[in-house]
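Each remark here refers to the structure printed beneath this line.
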Amino acid sequence: MKPTNAQPGDLIEVSLVKNSYHGVFLESPKDEHGIILLKLESGYNIGINKKDILDINILRKFAAKTSEERKVKIEQEKPNIAIVMTGGTISSELDSRTGGVSWLTSPEKLFKFYPEVFEKANIVKIEVPFMMGSENMGFKEWQKIARVVSRLLNDSNIKGVIITHGTDTLHYTAAALSFFIRNLNKPVVLTYSQRSGDRASSDASLNLYCAALAAISDMAEIVIVGHASSNDDYCYAFRGSKVRKLHSSRRDAFKPINTGPIAKITKDSFIPLMPYKKRKKNKAELDISFEEKVALIKFYPGQDSDILEYYRKKGYKGIVIEMLGLGHVATGESRKSWVSKIKEIQRKGVFVCASSQTIYGRLDPLVYSAGRELLNSGVVYLEDMLSETALVKLSWVLGHKEWTKNKEKIKEKMLENISGEFSDRLQE
């Protein structure tokens with residue numbers, strides 16, 4: 001390879017014997033000195049062996065972005081909304097030198113990338129309780145978000161709230177807020193992007209635009225809003241307790257489970273698709289009680305029931321077992337039967353629920369003898385409630401000490417349809 005003055009961040013052309021590549025020159029890892037890294041226009045990174053390169057031509061030198069900030073004009077005829085920024089790809093931009101992403105550390109940077117969100121509403125308040133990848137969140141972060149959101153909901157100047165969030169655990173946060181905020185009075189809209197806003201293929205702009213329309217709608221629901229398909233045509237709004245991330249990278253990664261979307265949102269309109277709670281003038285109430293010692297266990301064939309004893313010894317108060325089919329784990333004469341261990345840990349104070357691995361459909365322990373045996377052991381079957389929602393709800397229920405004095409009260413609360421977590425009629 002000929003000597004080159006190219007620096008990380010430059011747009012370059014790399015010529016090989018039979019073809020050439022255009023892309024942004026990235027910093028190479030310290031242990032990869034023989035490799036040139038490029039970020040292609042498609043967004044993918046490739047590595048090219050320096051020994052195979054004939055020439056490198058600089059097409060455009062890297063120029064650091066200026067610190068100019070968009071001045072936001074408040075227009076009286078538009079409704080006011082607030083944004084709560086927590087992190088995720090939607091709050092990130094490409095670092096042209098490393099090929100990775102970095103946080104948009106100020107609201108002004110977010111506005112610079114997504115001016116479309118101002119077309120339908122004024123952004124009058126920005127809250128940043130923290131900035132992190134959603135995989136690092138837990139109940140303490142959910143509580144922080146709930147505190148901020150409830151305060152904004154009770155601000156008479158705010159018509160709705162948008163939360164920007166990473167995709168990996170977005171549905172857990174949506175479920176948590178569905179229980180943490182009682183007597184909801186306005187829309188709470190969680191949104192995301194699978195690709196950062198500085199990429200041509202980003203889904204962030206449409207998602208934020210549709211989130212703004214949802215935030216000024218007449219509903220009082222906690223919803224996730226995002227692409228309805230892989231195209232940039234419209235979004236759906238999904239109830240926060242009935243939605244799951246079902247694809248690692250598609251724009252339409254989130255889907256409603258056993259129900260349909262609440263609304264279709266286009267560039268021009270918010271179109272209801274099913275009944276929902278309407279906005280009202282009461283004060284939203286905060287109820288962030290939470291028991292951290294709750295586990296979600298996925299049963300697999302041949303699994304030893306001692307895993308239940310492990311959690312009991314660790315002081316866990318509740319376990320959701322994600323069961324097979326209509327709600328089954330090993331039972332009967334099987335040497336791996338879980339029944340005796342399930343009964344034992346319940347006697348010792350661990351509350352046990354069942355959710356389904358199949359995702360779609362409803363649990364029914366009365367169809368087969370295995371299910372009836374488990375039902376008689378004391379397991380509470382959570383019908384069509386999603387496993388993630390079940391984990392969050394059980395943690396929330398067990399966080400209320402006044403309910404935990406009586407197992408029947410816990411069961412009653414787990415089977416109460418508090419935030420639309422159960423479906424009256426299943427849809428695919």
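The values are calculated or read from the model by the stated rules, or taken from the named source; none is laboratory data. Predicted model, so just to flag it, every value in this text is computed and none were measured. No Cβ is skipped: glycine too gets one built from the backbone with ideal geometry, and neighbour counts run over all protein chains shown. SASA here: full protein model, heavy atoms, side chains in, ligands and nucleic acids out. Shrake-Rupley method; radii C 1.70, N 1.55, O 1.52, S 1.80 Å.
In table form, for the structure just shown:
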{"read-out": "DSSP-defined antiparallel bridges as percent of all bridges, the chain, nearest 5", "value": "55"}
{"read-out": "Contact order relative to length of the chain, as percent, for alpha carbon pairs under 8 angstrom and 6 or more apart", "value": "12"}
{"read-out": "Trypsin sites (Lys or Arg not before Pro) restricted to DSSP loop in the stretch 372-427 with at most 16 other C-beta within 10 Å", "value": "Lys401, Lys405, Arg425"}
{"read-out": "Segment Met274-Asp52, length gained on full extension (0.36 nm per residue, minus Cα span)", "value": "74.1 nm"}
{"read-out": "Three-way shape label, the chain, alpha-carbon gyration tensor, a/c 1.5", "value": "oblate"}
{"read-out": "Interchain or long-range residues, amide H under 5 Å from Ala220's placed H", "value": "Lys277, Lys278, Arg279"}
{"read-out": "Rounded to whole Hz, the Karplus (6.51, -1.76, 1.60) HN-Hα couplings of the stretch 296-312, x for glycine and proline", "value": "10, 10, 9, 6, 10, x, x, 5, 7, 5, 4, 4, 5, 5, 4, 5, 4"}
{"read-out": "Between 0 and 90°, nearest 10: helix 139-153 axis offset from the chain longest Cα axis", "value": "80"}
{"read-out": "Highest-MSF residue in the chain out of Pro187, Pro261, Pro301 [GNM, Cα springs under 10 Å]", "value": "Pro301"}
{"read-out": "Efficiency of FRET from Cβ geometry, Asn282 and Lys348, R₀ 56 Å, rounded to 0.05", "value": "0.85"}
{"read-out": "Whole-percent carbon and sulfur share, accessible surface of the chain, 1.4 Å", "value": "48"}
{"read-out": "Dipole in debye (nearest 20) - the chain, about Cα centre, beta carbon charges: Lys, Arg +1; Asp, Glu -1", "value": "1020"}
{"read-out": "Among Glu388, Glu77, Glu27, residue whose mean-square fluctuation peaks in a GNM of the chain (springs only between Cα atoms under 10 Å)", "value": "Glu77"}
{"read-out": "Debye, to nearest 20: dipole size of the stretch 214-328, +1 on Lys, Arg Cβ, -1 on Asp, Glu Cβ", "value": "320"}
{"read-out": "Rounded to 5, percent antiparallel among DSSP beta bridges of the stretch 296-400", "value": "10"}
{"read-out": "For the stretch 84-89, Karplus couplings with θ = phi - 60° (6.51, -1.76, 1.60), whole Hz, Gly/Pro x", "value": "10, 9, 10, x, x, 4"}
{"read-out": "Global form of the stretch 299-428, assessed from the alpha-carbon gyration tensor, a/c cut-off 1.5", "value": "oblate"}
{"read-out": "Cα centroid separation, the stretch 321-367 to the stretch 126-156 (Å)", "value": "34"}
{"read-out": "Heavy-atom accessible area ranking, 1.4 Å probe, most first, across Asp52, Asp424, Asp233", "value": "Asp424, Asp52, Asp233"}
{"read-out": "Residues Phe130 and Arg182, FRET efficiency given R0 of 22 Å [Cβ-Cβ distance, rounded to 0.05]", "value": "0.40"}
{"read-out": "Among Ile123, Ile216, Ile307: highest mean-square fluctuation, GNM of the chain, C-alpha pairs under 10 Å", "value": "Ile307"}
{"read-out": "Cα long-axis angle, helix 170-180 against the chain (0 to 90 degrees, to the nearest 10)", "value": "50"}
{"read-out": "Packing-based ranking, highest mean first, of 5-14, 126-135, 218-227 given that Cβ atoms within 10 Å are counted", "value": "218-227, 5-14, 126-135"}
{"read-out": "Relative packing of peptides 332-342, 171-181, 284-294 - highest average C-beta neighbours within 10 Å first", "value": "171-181, 284-294, 332-342"}
{"read-out": "Helix-only CD estimate at 222 nm, as mean residue ellipticity for the chain, using -39500 (n - 2.57) per DSSP H run (n ≥ 4)", "value": "-6000 deg cm²/dmol"}
{"read-out": "Karplus-derived 3J(HN,Hα), 6.51/-1.76/1.60, for each residue of the stretch 254-271, Hz, glycine and proline x", "value": "9, 9, x, 10, 6, 7, x, x, 6, 8, 9, 10, 9, 5, 10, 8, 10, 10"}
{"read-out": "Extension gain, Tyr368 back to Asn45 (0.36 nm per residue minus Cα-Cα distance, nm)", "value": "111.1 nm"}
{"read-out": "Disulfide-incompatible cysteines by the Cβ rule (no partner under 4.7 Å) in the chain", "value": "Cys353"}
{"read-out": "Cβ crowding within 10 Å averaged over residues, with 416-422, 264-270 ranked highest first", "value": "416-422, 264-270"}
{"read-out": "1.4 Å probe accessible area per residue over the stretch 267-320, in Å²", "value": "65"}
{"read-out": "DSSP-defined beta bridges in the stretch 238-325 - what % are antiparallel, rounded to 5", "value": "55"}
{"read-out": "Label-point separation in nm, Ser249 to Asp306, each point 7 Å along Cα→Cβ", "value": "4.0"}
